[in-house]
Structures are given as C-alpha cells and as structure tokens.
1. One decimal, nm, shortest first: give the distances between the label point of A:Ala115 and those of the same position in the other copies, each label point 7 Å from Cα along Cα→Cβ.
2. Can you give the angle from 0 to 90° between the axis of helix A:38-47 and the longest principal axis of chain A, with both taken from C-alpha atoms, to the nearest 10?
3. Over its Cα atoms, what ratio of radius of gyration to 2.2 N^0.38 Å does the stretch B:86-154 give?
4. For chain A, what is the relative contact order in percent, using Cα pairs closer than 8 Å and at least 6 residues apart in sequence?
5. Which residues, if any, in the stretch A:132-157 lose at least 50 square angstrom of accessible heavy-atom surface (probe 1.4 Å) when the other protein chains sit next to their chain rather than the chain being alone?
6. Stokes-Einstein diffusion coefficient for the protein assembly as shown at 4 °C in a medium of 1.567 mPa s, Rh from the Kirkwood formula over Cα pairs: what value in µm²/s?
7. How big is the equivalent ellipsoid of the stretch B:5-103 along its three axes, where each semi-axis is √(5λ) from the Cα gyration tensor, reported in whole Å from largest to smallest?
8. For the stretch B:109-266, count all C-alpha to C-alpha pairs, find those more than 26 Å apart, and express that count as a whole percent of the total.
There are 2 protein chains.
Amino acid sequence: MIAPIAIADPDDPRIADYRGVRERDLVGREGRFVAEGLVVLEKLVAAGRHPLRSVLAAEHRVAAVAERLAGLAAEVPVYAASQGVMDAIVGFPIHRGVLGIGERAEPAAEALLDALPAKALVVALQGIANHDNMGGLFRNAAAFGADAVLVGADCCDPLYRKAIRVSVGAALTTPFARTESDLVELLAGRGFEVLALTPGGTERLAELTAAPRQAALFGAEGPGLPEAVLARCRTVRIPMAGGFDSLNVATTSGIVLNRLAELRGAA
Amino acid sequence: MIAPIAIADPDDPRIADYRGVRERDLVGREGRFVAEGLVVLEKLVAAGRHPLRSVLAAEHRVAAVAERLAGLAAEVPVYAASQGVMDAIVGFPIHRGVLGIGERAEPAAEALLDALPAKALVVALQGIANHDNMGGLFRNAAAFGADAVLVGADCCDPLYRKAIRVSVGAALTTPFARTESDLVELLAGRGFEVLALTPGGTERLAELTAAPRQAALFGAEGPGLPEAVLARCRTVRIPMAGGFDSLNVATTSGIVLNRLAELRGAA
C-alpha cells in the first residue's frame with residue numbers, strides 16, 4: 001500500500017463515500033458497501049471476492065492498517081483523519097476507527113451454482129428481512145463450510161453494514177448470489193436435494209442422511225416457508241419441548257448446518 | 001380481571017412504574033421489571049414464576065388484554081391510556097401497546113438445584129454480558145427443555161427488557177437463579193456432569209454421551225471460559241470449517257442443547 005493520504009476537512013470530496021454513513025445505509029450506495037473494522041477488512045481483502053475501493057482510518061489506527069493490510073494494491077487509497085474529523089465525516093463516534101468501501105461483485109445465481117463441485121452444500125434463504133438474522137446465517141454458513149448462499153429476492157441485503165458486522169465478515173467471504181428465480185427449481189434442476197426447515201417437517205433432523213448435493217432452505221420466523229415451497233422439498237423439523245414451536249432462524253441454521261457438516265464429514 | 005382504569009394524564013402517580021422506560025432500564029427498578037407485549041405477558045401469567053403487578057395498555061389493545069389475560073386476579077390493575085398518553089408515559093412510540101410490571105421472585109441457586117429431579121439438564125452461564133445473547137440463550141434453554149438456568153454474577157440480567165423480548169418470554173418461564181458462587185462447584189456437588197463448550201475442547205459434540213444429570217456451561221464470545229474453569233469440566237468442541245473458530249454463543253447453545261435433547265430423549 002502507498003502512504004496514507006491525510007484528510008483534515010470532513011467535506012473533502014475524496015472521502016465522499018464515507019459521509020453520513022447511517023443516512024446512506026438507508027438510501028443505498030449504488031453498487032458499493034461499507035465494511036467496518038480491521039478484522040472484517042482483512043477478510044474482505046483475503047477473500048478477494050468484492051474489490052476494496054478505499055480505506056478511511058483514524059490516525060491511531062493507520063499503523064495497524066498498514067501492517068495488517070500490507071498486501072493492499074497501491075491503487076487502493078488509504079485516507080487518514082483525526083478521530084474528530086473521522087467522527088464528523090461518518091456522523092457518529094466510530095470507535096473501531098477503520099472503515100472501507102467495497103464494490104459489489106455478485107455472480108448470477110445460475111453461474112454460482114454451475115461452478116460448484118459434485119459434492120456441495122448450499123444455504124438457501126427466503127423472506128429473511130432482518131439484518132441480524134442475515135448476518136447470523138452467513139456466520140453459520142461459513143463456520144460449517146457451506147459452499148454458497150442463495151439469497152431470494154425477498155430477503156434483505158447481506159452487504160448491509162449491520163449484516164456484514166454480525167456475520168463477522170462471512171458475508172464478504174462466502175460466495176452468494178441474489179435471485180428473482182424460484183430457489184427450489186434452481187437447486188433441484190442441478191441435482192440438489194432441498195431440505196426445508198419447518199416446525200411441521202415430516203423428518204426429524206436426527207434422522208437425516210447425507211447426499212452429495214444438499215441445500216438447506218430457511219424462511220422467515222413467524223410466517224415460515226410457504227406451503228407451495230414446502231410441498232417440493234424434503235421437510236425437516238427440530239423437535240422442541242412443549243410450548244415452544246420456533247427457534248430463531250439463525251440458531252436453526254447453526255443446528256442444521258452443524259448436523260449436515262457431521263453427516264458430510266462422515267460420509 | 002376488573003374493569004380497566006382510565007389514565008388521561010401521563011403524570012398520574014398510579015403509572016409511575018411505566019414512566020421513562022429507557023431511562024429506568026439503565027438505573028434499574030429495585031426488584032421489578034418490564035415485560036413488553038401480550039405474548040410475553042401471557043407467558044408471565046401462565047408460568048406464575050414472577051408475580052405480575054400491573055398492566056398498561058393502549059386503548060385499542062385493552063379488549064385483547066381482557067380476553068387473553070382473563071385469568072388475571074382482580075388485584076392486578078389494568079391501566080388504559082390513549083396511544084398518545086401511553087407514548088408520553090414510556091417516552092417513545094410503543095407500538096406493541098401492552099406493557100406489564102413484574103416483580104422478581106428468584107430462588108437461591110442452591111434451592112433451585114436442590115429441587116431438581118434425578119434426571120435434569122441445566123444451562124450454566126458465565127460472563128454473558130450481551131442482552132441479545134442472554135435472551136437467545138434462554139429461548140434455546142426453553143426450546144430444548146432445560147430444567148433450570150444458572151446465571152453467574154458476571155452476567156447481565158435475564159430480566160432486562162431486551163433480554164426478555166429476545167427470549168420470547170422464556171426468561172420469565174424458565175427457572176433461573178443468579179449466584180456469586182462457583183458454578184462448577186455448585187453443579188458438581190450435586191452430581192451434575194459439567195460440559196464446558198470451548199473451541200479447544202477435547203471431545204467433539206458428536207461423540208457426547210448422555211448422563212442423568214448434565215449441565216452445559218457457556219462463556220462469553222471472545223475471551224471464552226477461563227482455563228481454571230475448563231480444567232474442572234468435560235470440555236466439548238463443535239468442529240468448524242477452516243478460518244472460523246467461534247460461533248455466536250446463543251447459536252452454540254442451540255446446537256449443544258439440541259444434541260443433548262436428542263441424547264436424553266433416546267437414553
């Protein structure tokens with residue numbers, strides 16, 4: 001990386017991408033996204049999935065950025081500002097002191113699936129509207145080695161700032177694609193057995209067996225997956241104690257993906 | 001329940017417990033807590049663990065309160081206010097429109113454990129400082145039928161407003177006790193096998209076997225459980241894919257409690 005570029009004026013046009021972070025979260029960034037913190041930026045750079053466009057760091061964090069993002073290309077500018085100027089730019093006290101702007105590079109869902117190996121595990125999401133849950137789902141997909149995540153058009157954005165943070169960067173490292181197409185059709189057409197998690201599922205999770213290509217489909221808490229979707233899947237339930245019939249969807253994904261990882265490791 | 005008591009003045013002394021909810025969250029309520037929403041209040045009343053002192057409902061929610069909390073004793077006053085007055089009382093727009101004040105009734109940890117049957121499952125928590133995680137841990141404890149939760153003195157409060165909400169009321173229904181004592185000593189002294197979850201655990205979760213009395217001990221993400229604690233437990237790990245070495249602690253509890261529920265159901 002080249003020498004940091006000092007920024008003394010919060011209105012400097014070179015750091016326009018970082019201005020009013022929360023307001024911009026709401027209106028969108030036209031193909032760009034914000035990544036917060038050095039750990040997340042390291043993952044972004046290491047994964048090389050979405051290009052990093054620039055970094056803004058508080059002065060006391062610049063040395064750490066230089067050390068831990070040493071592989072940064074010279075073309076990626078690193079802007080340095082005092083903590084006060086940085087807070088004024090982003091619009092709130094930014095304790096982490098390191099932000100980056102990334103550029104979305106999402107494959108088409110068909111291309112993503114076509115590139116998967118003969119043995120593969122996919123996480124498919126439908127109607128996930130909460131960024132905490134989205135982040136947790138990606139975190140678990142990464143923890144249990146899912147090859148890709150298929151994100152239905154009715155889901156929130158995995159590259160929303162909070163979703164990236166909750167995913168501990170997994171949203172930047174795990175291949176994913178958004179699609180308007182029917183998830184089950186896309187997957188079944190490529191030889192995936194689609195497991196749909198639902199409290200009324202016909203099979204217990206403990207009875208599940210491995211298949212070379214498996215996809216685990218999760219819907220929103222509350223409404224869950226539509227009947228028309230469930231009818232085309234192998235439905236699976238997690239038995240629960242009396243009175244409770246639903247787990248948090250991210251927790252559900254952790255339980256299911258852990259089981260699938262065990263099965264696939266043993267198969 | 002008796003007829004609702006109309007409240008027209010946000011400064012009415014009868015609803016002092018509901019005033020400035022967020023400010024009061026921070027300073028504490030001296031033995032009382034706030035429960036939000038009808039679903040959570042129903043669980044509070046049905047469980048009968050912590051007494052309900054009063055209810056405050058927006059006018060358009062009073063009929064639902066009367067119907068679904070029909071078993072309320074006459075001594076529990078139900079206050080009714082317009083949405084505007086209710087918002088003024090609590091200090092923010094309260095869309096759920098139903099709040100209750102409960103009174104803490106927590107047993108001593110020793111008494112709680114001594115009352116458990118010969119076959120029992122306990123969740124033990126150390127250093128859990130995040131209310132989202134606390135709520136998620138209780139939600140999972142309830143979903144998988146844990147008999148009790150033991151909360152270390154270094155944990156945040158399960159009856160904090162947000163923790164109750166995230167637990168979907170499980171913090172009000174699952175027996176729990178806070179203790180200054182050593183958790184492992186308390187449990188081991190009563191014949192519990194203490195399983196400590198840690199990325200470096202010697203046994204894989206998939207290899208675990210059942211025992212009549214088991215406790216699953218969870219520590220904070222990041223620091224995890226201290227070595228001095230781990231040394232006195234059966235340590236268990238959840239294998240993960242390369243690059244990831246930690247799951248969210250609530251998700252971890254879901255994975256572990258699901259497995260223990262399977263083992264105990266089959267035993």
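The values are calculated or read from the model by the stated rules, or taken from the named source; none is laboratory data. The model shown is predicted, which means the values in this text are computed figures rather than measured ones. Note: ideal-geometry Cβ built from the backbone for every residue, glycine included; neighbour counts use all protein chains shown. For the accessible areas, the whole protein counts, side chains as well, though only heavy atoms, and no ligand, DNA or RNA atoms are used. Shrake-Rupley method; radii C 1.70, N 1.55, O 1.52, S 1.80 Å.
1. 5.8
2. Once rounded, one gets 70 degrees.
3. Details: Rg = 16.2 Å, N = 69, 2.2 N^0.38 = 11.0 Å.
Output field value: 1.47.
4. Details: 507 pairs, mean separation 52.1, N = 267.
Computed value for chain A: 19 percent relative contact order.
5. Buried by 50 Å² or more upon assembly, which counts only protein chains, are A:Arg139, A:Ala143, A:Phe144.
6. Details: Rh = 25.2 Å.
Diffusion coefficient, whole number: 51 µm²/s.
7. Numbers: eigenvalues 71, 54, 27 Å².
Whole-Å semi-axes of the equivalent ellipsoid: 19, 16, 12.
8. Values: 2098 of 12403 pairs.
That fraction is 17 percent.
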